[in-house]
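The values are calculated or read from the model by the stated rules, or taken from the named source; none is laboratory data. Just so it is clear, the structure is predicted and the values come from calculations on it, not from any experiment. Note: ideal-geometry Cβ built from the backbone for every residue, glycine included; neighbour counts use all protein chains shown.
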Amino acid sequence: MKEHELVNLQIELEYRLGPQRRLIPFPGSTEQSRFIVYEVPGKFVRFFRQDLPDAICNQLEAIPGESALSGSDAVRAVLSSHAPCGPVWRGRSYFFPLSPTPGIFQSVTREHDRFVVVDSDEVVSWSFSARENDACAELAVETLPAFRRRGFAKATASAWAAAVINTGKVAFFSHSHDNRASEALAQSLRVQDFTTAAAYD
């Protein structure tokens, strides 16, 4: 699957695409970004929320992709002329190209919609779908502080990915650019990166 196809799949986990591919947040969603830029090989892909005036979108289109991706003041200034600019998320997204082998997650059990590791009757690490639709799902993983660096996150994430891929869906994982723990987890999972992105509220 091409990188831009993966971007489209991932964006539709969080938004409906309206006319001119404008972002329409799902009812009640916390995802309310007004401008999102993705970098894929050879180009930058930009999305604008449906309520942004065309003049604002045109100004954002004129900002170089590298600058937009960096969380630049230029983008903030343009957005602030429409409404106060909120937080900016910057990070990297990956997908699982292959289903993990069962040996990686032998210690994991399924608990409703979560994949968990239990120690002394306590759930110490768990993975689940942060968001999901008929085509794909996005991984969320948590481990109690005292149980980190033991491979539990890798195990539960692998079990989650295997279950998602077994249903015929694409399994995604993303993290912010400064989340070193998630970056290390991505490396251990052997996921494949397909884009970096910046999302402006």
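Taking helices (runs of 4 or more DSSP H) as the structural unit, those lying wholly within the range 1-99 and holding at least 3 residues that are over 21 Å from the mean Cα position of the chain (by Cα) correspond to 54-62, 73-80. Look through the range 156-175, keep the residues that are more than 14 Å from the chain's Cα centre (by Cα) and of a type outside the set (A, V, I, L, M), and return whichever of them is farthest from PHE128 (Cα to Cα). Ranking the candidates gives GLY168 first. Any residue in the range 1-19 that's farther than 22 Å from GLN32 by Cβ and modelled with pLDDT under 95: show its pairings with residues that are surrounded by 14 or more Cβ atoms within 10 Å (Cβ to Cβ) and of a type outside the set (Asp, Glu) at Cβ separation under 7 Å, as long as the two are six or more apart or on different chains. These pairs meet every condition: GLU3/VAL40; GLU3/PHE194; GLU3/THR195; HIS4/VAL40; HIS4/VAL45. Looking at GLU39, is it at pLDDT below 95, buried (at least 17 other Cβ atoms within 10 Å of the Cβ) and within 27 Å of ILE165 (Cβ to Cβ)? No: the conditions fail for GLU39.
On the basis of being outside the structural domain of THR167 (by TED's automatic domain parsing), in a strand (DSSP E or B) and surrounded by 16 or more Cβ atoms within 10 Å (Cβ to Cβ), does TRP126 make the cut? It is false that TRP126 is outside the structural domain of THR167 (by TED's automatic domain parsing), in a strand (DSSP E or B) and surrounded by 16 or more Cβ atoms within 10 Å (Cβ to Cβ).
Checking each residue in the range 99-135 for being under 14 Å from ILE165 (Cβ atoms) and without any contact (Cβ under 8 Å) to a residue 60 or more places away in the chain picks out THR101, ILE104, PHE105, PHE115, SER127, SER129. Only one of the listed residues (GLY65, GLY71) is farther than 16 Å from ARG49 by Cβ and either in contact with a Lys or Arg (Cβ under 7 Å, 6 or more places away or on another chain) or of a type in the set (A, V, I, L, M) (or both). That residue is GLY71.
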